[in-house]
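These notes are about the structure you will find just below.
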Amino acid sequence: MTIALAGNPNSGKSTLFNVLTGSNQYVGNWPGVTVEKKEGTLKSDKSVRIADLPGIYSLSPYTLEEVISRNYLLQEKPDVIINILDASNLERNLFLTTQLLELAIPVVVALNMMDVVKKRGDVLDAAYLSQKIGCPVFEISALKNTGVDKLVEAAVAAGKKHDASSIHPPHVFTGVAEHALAHIEESLGDVIPENEKRFYAVKLFERDGKIKNLVSLDESVMQHIEEHIAEAEKEMDDDAESIITNERYVYIGDLIKGCYKKRAHVSDSVSDKIDRVVTNRILALPIFAAIMFVVYYISVTTVGTFVTDWTNDVLFGTWIVPGAAALLENIGCAAWLQGLIVDGIVSGVGAVLGFVPQLLVLFILLAFLEECGYMARIAFILDRIFRRFGLSGKSFIPMLIGTGCGVPGIMASRTIENEKDRRMTVITTTFMPCGAKLPIIALIAGALFGGAWWVAPSAYFAGIAAIIVSGIMLKKTKMFAGEPSPFVMELPAYHMPAPGAVFRSMWERGWSFIKKAGTIILASTVVIWFTSSFNWKMQMVDGYEGSILESIGSAISWIFLPLGFGNSKAAVATVLGLVAKENVVGTFGILYGFAEVAEDGMEFWANLQADYTPLSGYSMLLFNLLCAPCFAAIGAIKREMNNAKWTWFAVGYQCLFAYAVSLMVYQFGSLASGSGNIAGVLAALAVLAVMVWQLVKPDRAGRRQVSAA
Ligand code: GDP
């Protein structure tokens, strides 16, 4: 038996899903899209599957989430739907309910957040509601786990009975609309089973193109239907879709009048009082900055650094790596195999796993902020600013986390509901300099700029500028164009999170990071180890000199000539940076003949000064900061995009953008210092022209809105 869980965003669907399934759950994606799909089995009965649908406000065809949900409901036909409602916001939540009831699938309604309703002193008559809409209704609190057992029992019972012919949608529509709907139902003939006709009739009345294609009626029938729609529109002096929406709300209004009594004098709740300070126009941003500083301070600077240093230096540094080396030595393992295992796999994967403890600390704090309700406020506050360049208020969190490490940053984009916003966030998050890029900045600042203070801030500034510029440019392409989705979001009342939910969220994110270390990073470290340890004759080499990797570096170094760093060392270091940005400084060191270098590469500053001007060094720095991130982060992009084409687009865009920026900086810089080259400057001018045009040209959405008006 399959139970589908449907409800508005923030109605408590995930919380209920976790209560119902416990640890018996699997998180994936809906086929081909970035929308998360959760499935699981009932804790008390493993034969009952639970499918968690995306949070939606309606079954219209406008958002991806809605289309996914209704396709699932129409095609997979779950045995029963549990429709979860935020009982403290009944009016908006019932809108979806009226539509679910038309599907001829048994519905059981769960009125969630009853603890909030009761605390407010409001009274809800569930029996009345149940009788009116013709399906079982239960009062629950998913957070406090009350009323859930009875709900499940009723859902399973309803699913077992599953006599679709006995399901009758409530009488929502009246007069003219009902008249037209009756005619449309009639013209559906036996294309659609009798009891499903209501849903299709309403959608056809709304001129829903996707449903029209699905039922593929005869031209003459469609024409007949269109006549009825036009007639109703004329009579009601409104368009068909609005007629349906209005009638639903009138019906819901009546329902609520009969079942919900608000307490007479509502005094402000604690939540409202907190919100008055926290979302205050002046205080909101400083408070937010302070909270984020604390989160960052704990997870990156204090506790996080401590656990990460311990994992890197003690666990891997003195135990696992030397231990593995000694063990292999003792059993007389071949030198190349030792190299592969110790220098390649253990060190490579270990370097990535070293981040895990720090990430877990960060994830726990963020999960807490999310669960207690504060994150929703942040998103709300920042949305107006971020909206201007095609991002959502929720994009901030991925970018903030991205300054630590891009992988969890990209993964944090999950919470962004709108797919376009989410993709844009995934593409731009790694422009922020992550922790592993800091040594590159220190190297260039130290070697070529005499340790100038402004180099590091300029890197962050470049990252932020890259995000803004990319946001504006990409938003004007067909892929990202469209009306900005309005920010509809209930701000849930503040509350103490359930510890289980916090830990689950932390573990889900942490685990996918660990899994990645075991797959894509493992594979790439092996490839890099191999190409850097062997020459084309398959003989082991000492250092990179003569290795396959070095020859590849020489072969591709011309690509970087227009950027001012067209030599094989820089090419190899840049390519190795794809494995992990931590590699860049170390690789340079080895290429200049130093086996072991300090984090900022002090030992070879003199060599760098001989080979680079400050300008070409800065251009190289910019390229390394902005181009595709490390393999781990690319893996995260792949996972979040859930689509190879989008992954390639992201990586391609990042590299192209980095190339364009470095080209302009180097060529215009050279021109200013009097050593410009005509072809280069012309190319840079062309790039600049394209970017400026893309930045200032009118918005597609804007134009469409104007023409619609
Ligand atoms: P979803 O977006 O529908 O999956 O909603 P979530 O499960 O993430 O819940 C949204 C917020 O409401 C979270 O902060 C939950 O902790 C909170 N929440 C969920 N159920 C209840 C409940 O029964 N009572 C209260 N007070 N809060 C709840």
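The values are calculated or read from the model by the stated rules, or taken from the named source; none is laboratory data. All of these numbers come straight from a predicted model, not from anything done at the bench. Cβ: placed from backbone, ideal geometry, glycine included. Neighbour counts: every protein chain shown. Ligands, DNA and RNA are stripped out before the accessible areas are found, and what is left, the full protein with its side chains, is counted by its heavy atoms. Shrake-Rupley method; radii C 1.70, N 1.55, O 1.52, S 1.80 Å.
Couple of notes before you dig in:
- Evaluating 6.51 cos²θ - 1.76 cosθ + 1.60 at θ = phi - 60° for every residue in region 255-261, the Karplus couplings come out as 4, 5, 4, x, 10, 10, 10 Hz, glycine and proline recorded as x.
- For region 382-463, alpha-carbon Rg relative to the globular expectation (2.2 N^0.38 Å, N residues): 1.23
- Start at zero, step by 10 Å, and the Cα-Cα distances of region 609-678 spread as 20, 38, 24, 15, 4 percent across the bins.
- Amide H contacts of Thr2 (H built 1.01 Å from N, under 5 Å, at least 5 apart or other chain): Arg49, Asp79, Val80
- Expected 222 nm ellipticity per residue - DSSP helices of 4 or more, -39500 (n - 2.57), all of the chain, to 500: -17500 deg cm²/dmol
- The length gained on full extension between Phe293 and Glu227, counted as 0.36 nm times the residue separation minus their Cα-Cα distance, comes to 17.6 nm.
- Of the solvent-accessible surface of region 359-466, computed with a 1.4 Å probe over protein heavy atoms with every protein chain present, carbon and sulfur atoms account for 71 percent.
- Size descriptor, Kirkwood hydrodynamic radius, that averages inverse alpha-carbon separations across region 44-138, Å: 14.4
- Rolling a 1.4 angstrom probe over the protein heavy atoms with all chains in place gives region 350-470 an accessible area of 29 Å² per residue.
- Accessible area (Å², per residue) of region 589-709, counting only protein heavy atoms and a probe of 1.4 Å: 50
- Across all C-alpha atoms in region 69-219, the radius of gyration and Dmax reach 16.9, 56 Å.
- For Leu285 and His168, the difference between the fully extended length at 0.36 nm per residue and the C-alpha to C-alpha distance is 37.0 nm.
- nm² value of the averaged projected area, convex hull over the Cα atoms of region 238-315: 12.3
- Computed E for Leu74/Glu241 - FRET, C-beta separation, R0 22 angstrom, nearest 0.05: 0.70
- Take the Cα radius of gyration of region 296-347 and divide it by 2.2 N^0.38 Å, N being the number of residues; the result is 1.48.
- Here the calculated FRET efficiency for Thr477 and Asn330, from their Cβ-Cβ distance with R0 = 45 Å, stands at 0.15, rounded to the nearest 0.05.
- The slack between Val527 and His179, meaning 0.36 nm per residue of separation minus the straight C-alpha distance, is 118.4 nm.
- Spin-label pair Cys372/Asp272, simplified geometry with 7 Å Cα→Cβ offset, distance in nm: 2.2
- Measuring nothing but protein heavy atoms, the accessible surface of region 22-151 at 1.4 Å probe radius is 51 percent carbon and sulfur.
- Here region 157-273 is treated as a Stokes sphere of Kirkwood radius computed over C-alpha pairs; at 10 °C and 1.306 mPa s its diffusion coefficient rounds to 95 µm²/s.
- Measuring between their Cα centroids, region 558-585 and region 173-251 lie 62 Å from each other.
- Per the Cα gyration tensor, region 1-77 maps to an equivalent ellipsoid with semi-axes of 21, 13, 11 Å, ordered largest to smallest.
- Two-site label geometry, Leu337 and Asp611: point separation in nm, points 7 Å out along Cα→Cβ: 3.6
- Region 573-617 residues near the modelled Asp542 label - backbone nitrogen below 16 Å, point 7 Å along Cα→Cβ: 590-596
- Once the 1.4 Å probe is applied to the protein heavy atoms, region 131-215 comes out at 50 Å² accessible per residue.
- Put simply, the amide H of Thr146, placed in the peptide plane, has neighbours under 5 Å in Ser141, leaving out anything fewer than 5 places away on its chain.
- Nearby lysines by direct alpha-carbon distance to Lys197 (threshold 25 angstrom, same-chain neighbours under 8 apart not counted): Lys77, Lys132, Lys160, Lys161, Lys210, Lys212, Lys234
- Hydrodynamic radius by Kirkwood, which averages 1/r over all alpha carbon pairs of region 638-703, in angstrom: 14.0
- Taking only the Cα atoms of region 399-515, the ratio Rg/Rh comes out at 1.07, with Rh defined as the Kirkwood radius.
- The apolar share of the surface of region 276-342, taken as the fraction of accessible area on carbon and sulfur atoms (1.4 Å probe, ligands and nucleic acids excluded), comes to 74 percent.
- Across all Cα pairs in the chain, the calculated P(r) in 20 Å bins from zero up to the longest distance comes to 15, 42, 30, 12, 0 percent per bin.
- Each of Ser551 and Ala465 was given a label point 7 Å from its Cα along the Cα-to-Cβ line. The distance between the two points is 4.1 nm.
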